[in-house]
Amino acid sequence: MAKALSHPATLFIMWFGPVPVVSTSDPNMIQKICTQPEFLHKPYMYDFFKLDYGLFSAKYHIWKNQRKALNPTFNKKILDSYIPDFDRCAQNLVRKLSVFADKEPVQMTFFMLRCTLEMVCATTLGVDVNQNPSVDKLIGLIMTLVHLCSRRIVRIHYHSEMVYRLFSKEYREDSRLRKEAYQIGNEVLQEAINRKTARQARESAAGGSAKDEDGYRKSHNFVDQLLEELDGSKLETIEILHNVYTIIVAGSDTSGTELGIISLMLAIHSEMQEKIYEEIMSVFPAGTDMDLNPETLRQLVYTEMFVKECLRHFPVAPHIFRTPMKDVELDGKHIPKGTMLCISMYNAHRRKDIWGPNADKFDPENFSAERSEGRHPFAFMPFSAGARNCLGYRYAMISLKVIVLHMVRNFKLKTHLRYEDVLFKFDCLLKLSNEPAINLERRTTIENNS
């Protein structure tokens, strides 16, 4: 288990190879960096992903216009409409895992990644990835490209574009895969445009409206909403493609990785797992049909506390980076324009002056109403924070709860591993060093399985 790096200074310098990085885990400093417009720019490493027109790595002036246009795509009504998709994909996950129940142990992260991929394709593109070979291939290409970029980030000698192009075989692979991804991506987008056009023609012929009584589009998948923005001349086609790719990666790779960790924490903390099970059964009793909706999900209070504690200990993106767009002063220190700033969420989530003397202990009660009262708003930020936070953070929380609900309702997760034995490897994302296999024991009290 990696230990949090305690540092007495509000700001301190680390070295990223030859590059000095001004770092902090102080919530007051984090709030200043995340909320002031001077710090809403991202440093050069984000350019490696070549998603210059997507929210993840776009330059400030592009991001600012996009964020305003895209904020409505994750409003409450649209998020609530995704719950049936989450439910269906989680049920598919249970069926796949049932093959291993009471038999052989299973490495959970692979299945979690596939489940979250199904979810994001259903809600982003409105397609079943298992039934669409083009989309399935596109997803594979995107994930490979992201992993190539992640490897480049941790190899300092390849930060130079000239060195990377001349001496890295991965550059040639990146170029080849990216060309193929764009070709398929344009085809998938054209299919979405054709579906949207056909649907509008049917609605027009029937004398109906494309919007419901509240003025929202009846089709809630993400790409249809982006196409609506394109029709209004708010977004360019390349912006739509880059944001679709961004949502696919952000919605599947990060959530799937976190769910692998959550599965392990459930298996390690069996008493907490049983408390979650009891809560689930009180809301969704055995022998009854599960009515998944915003209200019933809100009743899973301890389940959400457990998920948040997993996110506190293991934020998938343990660090975020910013760079000031002009010379600034922080904590009385002069910070030149272009300096790389690092916010360590991993360390901020383990500060004893915020989380108490047992900050390193895994305890969902950290998120009880009593303990949460008065806590600094920037002390917990698994989805970043401030104006440039993750647009899909509420989407992620709902989908995580739905999957945990189905897993725990159907299986007991077991392992001999201890919390102290969990190891991670250094990467852009926080990933398990060695994927432990988990035993699944089928629960016998479910008369009408989800």
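Details
- Checked against (1) open to solvent by less than 10 Å² (accessible area, probe 1.4 Å); (2) farther than 30 Å from HIS242 by Cα; (3) not aliphatic (A, V, I, L, M), THR116 passes all but condition (2).
- Residue within the stretch 230-250 that is surrounded by fewer than 17 Cβ atoms within 10 Å (Cβ to Cβ), modelled with pLDDT of 85 or more and of a type outside the set (D, E, K, R) present: yes
- Remark: pairs (first residue in the stretch 307-324, at negative phi; second residue aliphatic (A, V, I, L, M) and assigned to a strand (DSSP E or B); Cβ separation under 7 Å; 6+ apart in sequence or on different chains) = HIS319/ILE343; ILE320/ILE343; PHE321/MET340; PHE321/LEU341; ARG322/LEU341; THR323/MET340; THR323/LEU341; PRO324/ILE335.
- Subset tally (residues that are at pLDDT 90 or above and over 28 Å from MET112 (Cα atoms)) for the stretch 63-89: 1
- All positions within the stretch 280-300 that are in contact with a helix residue (DSSP H, G or I) (Cβ under 7 Å, 6 or more places away or on another chain) and without any contact (Cβ under 8 Å) to a residue 40 or more places away in the chain: VAL283, THR296, GLN299
- The combined condition, being under 17 Å from ARG298 (Cβ atoms) and aromatic (Phe, Trp, Tyr), is fulfilled by PHE86.
- Matching helices (runs of 4 or more DSSP H) fully within the stretch 54-140 where at least 1 residues are of a type in the set (Gly, Ala, Ser) and more than 18 Å from the chain's Cα centre (by Cα): 60-70, 76-81, 83-98
- 1 or more residues more than 26 Å from the chain's Cα centre (by Cα) and surrounded by 14 or more Cβ atoms within 10 Å (Cβ to Cβ): qualifying strands (runs of 3 or more DSSP E) within the stretch 275-381: 328-330, 333-335
- Condition met for ARG151 (surrounded by fewer than 16 Cβ atoms within 10 Å (Cβ to Cβ), out of contact with any helix residue (DSSP H, G or I) (no Cβ under 6 Å at 6 or more places or on another chain) and at pLDDT 90 or above): no
- The stretch 82-113, subset crowded, with 17+ Cβ neighbours inside 10 Å and charged (D, E, K, R), residue farthest from PRO436 (Cα to Cα): ASP85
- Taken together, the criteria exclude THR124 from residues that are of a type in the set (Ser, Thr, Tyr) and under 14 Å from GLY260 (Cα atoms).
- Taking first residues from the stretch 391-410 that are of a type in the set (Ser, Thr, Tyr) and partners that are not in a helix (DSSP H, G or I), the Cβ contacts under 9 Å between residues at least 6 apart in sequence or on separate chains come to TYR393/PRO382; TYR393/PHE383; TYR393/SER384; TYR395/TYR82; SER399/TYR82.
- Taken over the stretch 403-437, residues that are at pLDDT 95 or above, surrounded by fewer than 23 Cβ atoms within 10 Å (Cβ to Cβ) and either over 18 Å from VAL106 (Cα atoms) or touching a Pro at 6+ places or on another chain (Cβ under 8 Å) (or both) amount to 1.
- Positions within the stretch 9-35 being part of a loop (DSSP other than H, G, I, E, B) and without any contact (Cβ under 8 Å) to a residue 24 or more places away in the chain, in sequence order: ALA9
- Meets criteria (closer than 26 Å to THR109 by Cα, in contact with a Phe, Trp or Tyr (Cβ under 9 Å, 6 or more places away or on another chain) and not in a helix (DSSP H, G or I)) for ALA250: no
- Test for SER399: is it surrounded by 17 or more Cβ atoms within 10 Å (Cβ to Cβ), modelled with pLDDT of 95 or more and within 30 Å of MET281 (Cβ to Cβ): yes
- Evaluation of GLY126 against (1) modelled with pLDDT of 90 or more; (2) at positive phi (one fails), failing number: (1)
- The numbered conditions (1) within 30 Å of GLN91 (Cα to Cα); (2) open to solvent by 40 Å² or more (accessible area, probe 1.4 Å) are all true for TYR171 except (1).
The values are calculated or read from the model by the stated rules, or taken from the named source; none is laboratory data. As the structure is a computational prediction, the values presented were derived from the model and not from experiment. In this analysis, Cβ positions are derived from the backbone assuming ideal geometry, glycine residues included, and neighbour counts consider all displayed protein chains. Note: accessible area is taken over every heavy atom of the protein model, side chains too, but ligands, DNA and RNA are not part of it. Shrake-Rupley method; radii C 1.70, N 1.55, O 1.52, S 1.80 Å.
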